[in-house]
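Here's the structure, in structure tokens; my notes come after.
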Amino acid sequence: MNITTVGIDLAKNLFQVHGVNEQGRTVLKKLLKRDQMASFFANLPPCLIGMEACGSAHHWARKLRSLGHTVRLMAPQFVKPYVKTNKNDMADAEAICEAVARPNMRYVPVKSMEQQAVLALHRV
């Protein structure tokens, strides 16, 4: 199983993961619990990982980068055109996986813990 690109749909407790190989064929569809995420990606060879940008996405991006993966965050409105069917976690993960592989996609920079703390202060 040679996975090159992974799309993750983040939620509170369950994360849907969709992975493709170099030909673009689906080789991974998996539902992971929060406590399984780190160990699953630690055992996966380095690959490109895409997620929709949100508060927890920055945490997971930092965590996955420390494991050697390339992580890119995208604004949800840029991922929406790639959803093929009704909106559900599996379709969202597949759309994220497809969107992150596009050459002209715009990405959100991953924020550090300090940057997120300052943003939280501004909101208060």
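Taking first residues from segment 22-42 that are within 16 Å of residue 66 (Cα to Cα) and partners that are part of a loop (DSSP other than H, G, I, E, B) and open to solvent by less than 40 Å² (accessible area, probe 1.4 Å), the Cβ contacts under 7 Å between residues at least 6 apart in sequence or on separate chains come to 41/69. Here residue 72 meets the list (1) touching a strand residue (DSSP E or B) at 6+ places or on another chain (Cβ under 8 Å); (2) exposed (fewer than 14 other Cβ atoms within 10 Å of the Cβ); (3) of a type in the set (D, E, K, R) almost entirely, failing just condition (2). Could you check how many residues of segment 12-36 are among the hydrophobic types (A, V, I, L, M, F, W, C) and out of contact with any helix residue (DSSP H, G or I) (no Cβ under 7 Å at 6 or more places or on another chain)? Residues flagged as among the hydrophobic types (A, V, I, L, M, F, W, C) and out of contact with any helix residue (DSSP H, G or I) (no Cβ under 7 Å at 6 or more places or on another chain) within segment 12-36 amount to 4.
Examine segment 90-104 for a residue that is in contact with a strand residue (DSSP E or B) (Cβ under 8 Å, 6 or more places away or on another chain), under 25 Å from residue 123 (Cα atoms) and modelled with pLDDT under 95, and state whether such a residue exists.
As a first pass, look at segment 90-104 and keep what is in contact with a strand residue (DSSP E or B) (Cβ under 8 Å, 6 or more places away or on another chain): 90, 92-101.
Checking the rest, the ones that are also under 25 Å from residue 123 (Cα atoms) come to none.
No: zero hits.
Pairing residues of segment 89-112 that are within 10 Å of residue 74 (Cα to Cα) with residues that are hydroxyl-bearing (Ser, Thr, Tyr) and open to solvent by 40 Å² or more (accessible area, probe 1.4 Å), at Cβ distances under 9 Å and at least 6 apart in sequence or on separate chains, gives 96/82; 99/82; 100/107.
Considering only segment 11-21, state which residues are open to solvent by 10 Å² or more (accessible area, probe 1.4 Å), touching a residue at least 40 places away in the same chain (Cβ under 8 Å) and farther than 24 Å from residue 112 by Cβ. Reasoning before the result, please.
Here is the first cut: in segment 11-21, the residues open to solvent by 10 Å² or more (accessible area, probe 1.4 Å) are 11-14, 16, 20-21.
Restricting the remaining residues to those that are touching a residue at least 40 places away in the same chain (Cβ under 8 Å) gives 11, 14, 16, 20.
Correct list: 14, 16, 20.
Apart from one condition, residue 77 fits all of (1) closer than 18 Å to residue 32 by Cβ; (2) surrounded by fewer than 20 Cβ atoms within 10 Å (Cβ to Cβ); the exception is (1).
The values are calculated or read from the model by the stated rules, or taken from the named source; none is laboratory data. Note that the structure is predicted; figures quoted are calculated from it, not measured. Every residue, glycine as well, gets a Cβ built from its backbone with ideal geometry; the counts of neighbours run over all protein chains shown. Calculation scope for accessible area: heavy atoms of the full protein, side chains included, ligands and nucleic acids excluded. Shrake-Rupley method; radii C 1.70, N 1.55, O 1.52, S 1.80 Å.
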